[in-house]
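Enquirer: Here you go, one structure.
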Amino acid sequence: MGLRVDAAAACATECGAALHGGPLAGLTASAHVLARSNGDPVVDDLLEGILVGERICAFGRLAPAGQPSPTGPHSTDNGVRGAVGGEDVRLARRVDGAPQADAFLLLDPTRQCAVLLTEPDTWQLTTGPDGFDVSRGCADVAVRADALATGHRLTDLGQAVDLYELLLAADALGSVRRMLERTVAYAATRHTFGRPIGATQAVQHRLADHAVRARGMNLVVAEAVRRLGTDASHDTDAAGGTPGTSGTSAAGERSRWVALAGASVSSGAPHLLHDLVQLTGGIGFTWEYGLHLHERRVHQDARLAANPRAALRSLVHGAGWADAR
Amino acid sequence: MPADVDTGRQAEARDEIDAYRREVRAFIAEHGVRMPAEGVRVPRDADHEKRIRAWLAALYAAGHLGAGWPVRWGGRAGHLPVHDLVLMEELIRGDAYRPIDQVMLAAHSLLEFGSEAQRRELLPKIRSAEHVWCQLFSEPEAGSDLAALRTRARPAPDGNGWLVSGQKIWSTDAQWADMGTLLARTDPDVARHAGITAFVIPMTLAGLDIRPIREMTGHAEFCEVFLDEVRVGPEHVLGEVGGGWQVVTSGLASERAFVGANSVQLERMFTDLVALARAARFADGTAAITHEDIQAKLAGALVRVEEVRLIVRDAVDRILVDEEHPSDGPVGKLAYTELNVALTELAMEIIDSAVVVDDIAADVVARWHHNFLWGRALTISGGASEIIRGLIGRQLLGLPRA
Ligand SMILES: Cc1cc2nc3c(=O)[nH]c(=O)nc-3n(C[C@H](O)[C@H](O)[C@H](O)COP(=O)(O)OP(=O)(O)OC[C@H]3O[C@@H](n4cnc5c(N)ncnc54)[C@H](O)[C@@H]3O)c2cc1C
């Protein structure tokens, strides 16, 4: 299928470390789905545009139909306007890269398929849901219901969802790695009371704990990458098209590792980074120093997958605990 | 099937490893003596002791233990370090009495520092389990800061050897050990690490007074050992006079792959945690595991378990190809022992929150009570977590000594 999961993950990690602005996880997941539907001229055209870097197809999830009004208290400012107004819309919340996108691939979880939108008059961006992450653009997207009905329906999703969530975890891991290295280096050079702060146990021991935890996250992500990569390459479409279900035990095990990776990073990275700010002191608290940019980003990575809760619930269901009596 | 080492980088040797695993499993089923509880080694009575020694001797005789020793001393040609790991994994799975750390350490110290005469006399007695060893290192005033030890070895008045006086403490198995590795200060006038000498001594020497100490688990596994003018000779010196610190730091030269078995330990603990959550009932009669808050905690614990199992396996992968980083041991120890404590705390939280635990899980509860208390031993002994964090800070992160 032409995708190296390990390469994509390495790339995502570098993007996270560098605070890259592109929607890599979603774009990769979109391309993965599109590649499975080739032969269709619209799809082929878009895929080619993506591969040469000229087009961006954002990846998102449609909220269930009939959900309450898309916007909160600021609806007059943020509400759905223009071509895509009124009642006949469906929302996709928190779509990474939506502001830059010229196409959307939106999962319809109720129908177990995805809808491809390439006509700009079929969607409308509302403003970003919270603007917390400043390194990437993100927005809620309102889609005309008729466009959903008539739009391109892609049913072979392959491992798109697993891939998307894993790349988000890999992205956050990049932030963790880069900032941990930076803080360790800072701790070795910043002197207080005549010695480096890193020579003070209260600082050094926390950095040691963070390094161990970061290694754990790293290895869990690597294991998930390995499994997704191995399984995907000789997957004979057996479990294709049914996101979130474990059609085969291989698919179940794959999703389990993706959930482990998502839960590991989303529950570990935010606290870890927040403590790195503490260990860096006043300079760490500045906008310019930039630790916060990574904090914002790792929270966004978590939010895009509704983690840690979604991943933890997935583990619970996968283990059968939810059915226990 | 759990993710053992044989599903990792060792895939090419998988058949061979599987075969060895089956062999070990059968051996344990046939000869194994049960491990009374985690960390409990001291025999209940003479008969128990006889069976323990016979079992340990059988492990050596069959070439499962001591296989990595030089062939001359009973090691097996073609021994693969991964076999050590498989052995330990299966001993844990089979709930079998495991080799005693202090004995293995003694063996490796003898192999590295022992004289020809010492090796010839003592190594075979380790293999036959005629000798159980203990470690007489820590003192009331010297634990983490071991080099502060004060037990003195003074030259004997007759010029023949030394008279050793002082107090050792936390000496695991000293009450039934036949031999001890002793650290004493032979020269108080040089730099403190340089004045220490290691001795290998029979625990029957005159002047030794051994008193078991009851631990917080209720068992009496470690002891205080008083030394009152215990006479030792040059034949008891291990390595060089004044070279005791090298013996200490050479540490775990072999069977390093044993650490990988912690992965199996965690897998078993997690299984026990789920068993507990199924059997523990809240006031309304529902099982703990049916509640979302408990499910979330279990899932969170599972994530940590998988993280640490991979940390351990990652280190073992390097050990097996001899590419270990000095920080691998400390990282693995800290990650494993601290997670172990966290798991026991979660188990206690579930037990505390329940009004009753189903009868069928009575043994599970008893195990958690014991493991909760015992878990603390692992974060204190063999380098307390605070000391380990310092090692990681220096060896992995390159930070200055605190
Ligand atoms: C179950 C068990 C079995 C044992 N078996 C043996 C045995 O067979 N033979 C033997 O010789 N010894 C044995 N020990 C002793 C063990 O090695 C020591 O307990 C250990 O080294 C800690 O020393 P300590 O007890 O004196 O604690 P201390 O060194 O007094 O430490 C107390 C606390 O202070 C912390 N601390 C100490 N120094 C520092 C520092 N510089 N920076 C930050 N924190 C610090 C420690 O981490 C710990 O939390 C055993 C211990 C236990 C618990």
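The values are calculated or read from the model by the stated rules, or taken from the named source; none is laboratory data. Note that this is a predicted model, so its numbers are computed, not measured. Note that each Cβ is placed from the backbone with ideal geometry, even for glycine, and that neighbours are counted across all protein chains shown. Protein only, heavy atoms only, side chains kept; ligands, DNA and RNA dropped before computing areas. Shrake-Rupley method; radii C 1.70, N 1.55, O 1.52, S 1.80 Å.
Enquirer: Between residue A:191 and residue A:149, how high is the FRET efficiency from 1/(1 + (r/R0)^6) when r is the Cβ-Cβ distance and R₀ = 56 Å? Nearest 0.05.
Expert: Working from the Cβ atoms, E equals 0.25.
Enquirer: Which of rounded, prolate or oblate describes region B:223-279 when judged by the alpha-carbon gyration tensor and an a/c cut-off of 1.5?
Expert: oblate
Enquirer: Quote the relative contact order of region B:8-99 in percent (integer), defining contacts as alpha-carbon pairs under 8 Å separated by 6+ residues.
Expert: 38 percent
Enquirer: For the interface of chains B and A, what total accessible area is buried with a 1.4 Å probe, rounded to the nearest 100 Å²?
Expert: Heavy-atom accessible area buried at this interface is about 3200 Å².
Enquirer: Per-residue mean of other chain beta-carbon atoms within 10 angstrom of the beta-carbon, peptide A:261-269?
Expert: Per residue, the number of nearby Cβ atoms from other chains is 3 on average.
Enquirer: Which value in nm describes the separation of the simple spin-label points at residue B:50 and residue B:271, placed 7 Å from the Cα toward the beta carbon?
Expert: Using points 7 Å along Cα→Cβ, the separation is 3.3 nm.
Enquirer: Would you compute, from DSSP H runs of 4+ residues alone, the mean residue ellipticity of chain B at 222 nm, taking -39500 (n - 2.57) per run and dividing by the full residue count, rounded to the nearest 500?
Expert: -15000 deg cm²/dmol
Enquirer: Report relative contact order for chain B in percent, whole number only (criteria: Cα-Cα under 8 Å, sequence separation at least 6).
Expert: RCO, chain B: 13 percent.
Enquirer: Averaged across B:383-393, how many Cβ atoms of other chains sit within 10 Å of each residue's Cβ atom?
Expert: 4
Enquirer: Rank by packing, highest mean first: peptides B:238-249, A:152-163, B:73-84, with packing defined as the count of other Cβ atoms within 10 Å averaged across residues.
Expert: Top to bottom by mean Cβ count within 10 Å: A:152-163, B:238-249, B:73-84.
Enquirer: Another one. Tell me the GluC sites (Glu not before Pro) within region B:83-176 that lie in a loop according to DSSP and have at most 14 other beta-carbon atoms within 10 Å.
Expert: Within region B:83-176, the qualifying GluC sites (Glu not before Pro) (loop, at most 14 other Cβ atoms within 10 Å) are B:130, B:141.
Enquirer: Under the rule a/c < 1.5 gives rounded, and otherwise a/b versus b/c splits prolate from oblate, where does region B:254-395 land using the Cα gyration tensor?
Expert: It comes out prolate by the Cα gyration axes.
Enquirer: Between region A:107-124 and region B:148-170, how many Å separate their Cα centres?
Expert: 82 Å
Enquirer: Let me confirm one metric for peptide A:215-224, namely the mean number of other chain beta-carbon atoms within 10 Å of its residues' beta-carbons.
Expert: Partner Cβ neighbours, averaged per residue: 6.
Enquirer: Could you give the angle, 0 to 90 degrees to the nearest 10, between helix A:309-319's Cα long axis and the longest principal axis of the Cα atoms of chain A?
Expert: Result, in degrees: 80.
Enquirer: Defining a contact as two alpha carbons under 8 Å apart and six or more residues distant in sequence, what relative contact order in percent does chain A show?
Expert: Reported relative contact order: 20 percent.
Enquirer: Shifting gears a bit: With the cut-off at 1.5 for a/c, could you classify region B:206-322 from its C-alpha gyration tensor as rounded, prolate or oblate?
Expert: Verdict is oblate for region B:206-322.
Enquirer: Can you give the FRET efficiency to the nearest 0.05 for residue B:363 and residue B:22, using r as the Cβ-Cβ distance and R₀ = 22 Å?
Expert: Using R0 = 22 Å, I get an efficiency of 0.20.
Enquirer: For the pair residue B:384 and residue B:356, what calculated FRET efficiency results from E = 1/(1 + (r/R0)^6), where r is the Cβ-Cβ distance and R0 = 30 Å, to the nearest 0.05?
Expert: 0.20
Enquirer: For chain A, what does -39500 (n - 2.57) per DSSP helix run (n ≥ 4), summed and divided by total residues, give at 222 nm, in deg cm²/dmol to the nearest 500?
Expert: -17000 deg cm²/dmol
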